[in-house]
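Encoded as structure tokens, the structure appears first; notes follow it.
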Amino acid sequence: MLDHLRAMAVFSAVAEAGSFRAAAGRLGISPSVVSHHVTALERHLDTPLIYRSTRRLSLTDAGRRLAVSAQAMVRAAEEGYQAIGHEAESPSGMLRVTAPAVFQYALFVKRVAEFMKQHPKVEISVNFSDRWRNLVEEGLDLAFRIGPLRDSSLKARKLVDGRQFLCASPSYLKVRPVPKTPADLDELEMIGFAGRSYTIGRTGKGGKGGKAQHRLRMPGRLVVDSGFAAMRLAEEGCGATVLPDFLARAPLEAGRLVEVLPGWTVPGFGIYAVWPDNPGTNTLRALFVDFIAQIGK
């Protein structure tokens, strides 16, 4: 059946136009190709669909019945294409998204809320999780990921470069000498993340390639798997930790945390949107990614 859908679309054009030549002009193909498709359809059905003459053609009874179905098929296809094509003007549909758990506490949630308010026909399902998920196997349309990408089969777009801060609470730093050199950091309790290590650096101060570096002694006695938890534990005076800028900004501005050894910096990170490498463009997904990307502007 699928092999004959093109022939049915050609036959529908012939039935509407009244001639092979007129149908060919409408479809942008030659009259001989139109005749080939109609003949192939007649052979497949083993019944004549069109009576041909030198001046005109007319439909057989079977041809009239098939023309009704073929024209309905073409109209349905055209309506579907138009609906998809108009998504940019009035987007609709479902978008299944996964994002790191820490995004719950970032500007990302506000941007999602703004997008939903602007596009009332859109449905979005967001899974906040640090578990790596296979987009293709799990039927997900889009993922936001932090740091190096591990799956080269996915399409990716870098949205923003993020900073990281080594932070501690003022109360924690009151009970011990304030670090003045990287070596002093070894005296601090570090709130760490499982399987993660950090190196701080300062350019133009010696070391390899003119860049001084120092590896932080992490993790310490306290290990977590949540950036938000690390932030709260640091605010409670449990030690120093490394936080992304979107988590560190508010407590730093409020004075609940202070930057430790501010002359030295923790390497930054990238935030990426990634999606399956499918044919065509998902208009809704592209619109959503463009909207979220404004966070970095």
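Nothing in this text is a laboratory measurement; each read-out follows from the coordinates by a stated rule. Everything numeric in this text was worked out from a predicted model, so none of it was measured. Glycine also receives a Cβ, built like all others from the backbone with ideal geometry; neighbour counts cover every protein chain displayed.
Look at the alpha carbon pairs under 8 Å that are at least 6 residues apart: their mean separation over the length of the chain gives a relative contact order of 21 percent. Hey, with R₀ at 41 Å, roughly what FRET efficiency would residue 114 and residue 19 work out to, going by the Cβ-Cβ distance, to 0.05? Once the sixth-power term is evaluated, E becomes 0.15. Taking a straight line from the alpha carbon of residue 121, these aspartates and glutamates sit under 16 Å away, with near neighbours fewer than eight places off in the same chain left out: 87, 89. Within region 162-269, antiparallel bridges make up roughly 80 percent of the DSSP beta bridges whose residues both belong there. Calculated FRET efficiency, residue 78 to residue 294, Cβ-Cβ distance, R0 = 35 Å: about 0.55 to the nearest 0.05. Protection proxy ranking for 231-242, 66-77, 284-295, using the average of other Cβ atoms within 10 Å per residue and placing the highest first: 231-242, 284-295, 66-77. In the chain, helical runs assigned H by DSSP with n ≥ 4 each contribute -39500 (n - 2.57); averaged across all residues and rounded to the nearest 500, the mean residue ellipticity at 222 nm is -11500 deg cm²/dmol. Show which aspartates and glutamates lie in cross-link reach of residue 158 when reach means a straight Cα distance below 19 angstrom and same-chain residues fewer than eight apart are skipped. Residue 158 reaches 130, 141, 245, 277, 290. Distance from the C-alpha centroid of region 234-278 to that of region 8-31: 64 Å, rounded to the whole angstrom. Taking a ≥ b ≥ c as the square roots of the eigenvalues of the Cα gyration tensor, an a/c ratio of 1.5 or more together with a/b larger than b/c marks the chain as prolate. In the chain, if the dipole is taken from +1 on Lys/Arg beta carbons and -1 on Asp/Glu beta carbons about the Cα centre, which of 4, 162, 45 is farthest to the positive end? So the residue furthest toward the plus end is 162. For region 97-154, chymotrypsin sites (Phe, Trp or Tyr not before Pro) meeting the loop criterion (DSSP other than H, G, I, E, B) and having at most 11 other Cβ atoms within 10 Å: 132. Beta bridges per DSSP, both residues in the chain: antiparallel share near 70 percent. The gain in end-to-end length when the residue 269 to residue 157 segment is fully stretched comes to 38.9 nm, 0.36 nm per residue minus the alpha carbon separation.
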